[in-house]
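Let me begin by presenting the structure, written as structure tokens, before commenting on it.
Derivation of every value follows stated rules applied to the coordinates shown; laboratory data play no part. Given the structure is predicted, the values throughout are model-derived calculations rather than measurements. All Cβ positions, even for glycine, are placed from backbone atoms using ideal geometry, and neighbour counts span all protein chains on display.
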Amino acid sequence: QLGRVSDGSLRLMVQGVERIRLVDFPQTEPYLVARVALAPDTREAIAESTETAALRRAAVDLFRRLVGLAGDLPDEVAVAAENLTDSRQVAYLIAAVTPLEPDVRQEILELDPVEAKLRRLVDLLQRELAVRELGQKITTETQERLSKAQREFYLREQLRSIQTELGEKGEADATDETAELRRQIEAAHLPEEARTEAERELRRLAGMAAASPEYGLTRSYLEWMASLPWTTLTGGEIDVTRTQRVLDEDHYDLAKVKERILERLAVKKLRHDRQADAGPAGQLDNGGDAPPPPGAPPGAAPAREPILCFVGPPGVGKTSLGQSIARALGCQFVRMALGGLRDEAEVRGHRRTYIGAMPGRIIQALRRAGTRNPVFMLDEIDKVGSDWRGDPSSALLEVLDPAQNNTFVDTYLGVPFDLSQILFIATANTLETIPSALRDRLEVLTLSGYTDDEKVRIAQQYLIPKARSIWGGRGSSMRSPNGPASPGWRRVWRGPPPGAMCFSSRPP
């Protein structure tokens, strides 16, 4: 067929009839003249073999799938290939319409016999089909991502409009929150590991939508990190004389207990003075450890200072002793009630993946105190239990161990927090229920019950003056009997309570 196209050129369409082989070019001007020789295909002698039929069917099936994927191939060519019974013509048709390089088409033309043509064509079709399928998969995924992005953009625009109508904060406010959190974290002077984790969470927060469920969780985590007293210390130099005066002002008798408290504070002062003399390079800060004993060889490990544990019945002054120590040192006083504690997460904190997760009670108490060196009282340590949720006493061992508590890792925070500057004090009513491993970390100071005469002196010298200051009593408006056998004192207690708590709960 001969036709003229729109640009004025001619287009000639011919049909191949037989293969030829080029011999030479006897003429090149004014046009090419070639001498050729026939090179007919090898034909089947009688009927098509089973291998040839299988190859032809495989080629046609692959070609049909390719036509279904390719938008530039008409369905008619697949129908034509299926209707042909001559395997040689099938190979030539598929090779002609499939997008192949000219040298590849020439290779198929030259191959002989027809099984070789079909085998080569099947390989080419499989490769082309794999490329088309991969391209279609990539296109589909790209379109899905674009559709999802467009949908999210549309929904966020709707959300922004709704938030504007309701007066709620949107993305701009979330950005302001991120900037404010960054300023708070910089002002908190976090240690290196904690700062790295906080910066990583800040980057995640900046990439989140304000309506995302993780946004609130991450923001709460960063608020905790920024509000903890990583470097804040309170109190001044330890004054043993002042401490003794405060203890005598607040507590009657307890001479041995007061003496041991003063010894412990003297050791703490000695360690602080040695560290100050050695300077930063002295490496003498051993948290709760005492200095090496006198005469110890150079480089000896410091002796571990046990935790003071006040043991006695209720009302003998265990908690008030801790308060007096904190007042004498100028430190904050923190009390953590351990009665009924059974969940280890109450000490170590919860995983952030849990709903309502938060740090453990140790970290919570330090946040409320605003300092990392308070006097920390573990009240009723003998009433700690254990069940399927864990053993809190094992977590307390880590908290009280000076070799570990300088790198205490709360599960919620996920970074170390230094507890070595805390002065821990424990209280208990009995030693029998304290786990042996935990009891070994304690130095027991026993506070026995008071006699009736001692209770009267405590009431007259300590509790009644305190009650006057609280209730505003003046002069003779508050009177007390002279002895424990008087009717006024008998009305104060019922039975023989060992402590003096009954006096502080009502006016005598």
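Below are the figures for this structure:
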{"read-out": "Net charge, residue 416 excluded, C-beta distance under 15 Å - Lys, Arg +1, Asp, Glu -1", "value": "-4"}
{"read-out": "J(HN,Hα) series, the range 10-23, from Karplus relation 6.51 cos²θ - 1.76 cosθ + 1.60, nearest Hz, glycine and proline x", "value": "9, 10, 10, 10, 10, 10, x, 10, 8, 6, 9, 10, 6, 9"}
{"read-out": "Dipole magnitude of the range 171-227 about its Cα centre (Cβ charges: Lys, Arg +1; Asp, Glu -1), debye to nearest 20", "value": "100"}
{"read-out": "Sequence-distant residues sharing a close amide H with residue 341 (under 5 Å, placed H)", "value": "385"}
{"read-out": "Potential lengthening between residue 266 and residue 142 on full extension [0.36 nm per residue; Cα-Cα distance subtracted]", "value": "37.5 nm"}
{"read-out": "Net length gained if the chain between residue 186 and residue 448 were fully extended (0.36 nm per residue, minus Cα distance)", "value": "89.3 nm"}
{"read-out": "Computed E for residue 19/residue 134 - FRET, C-beta separation, R0 25 angstrom, nearest 0.05", "value": "0.10"}
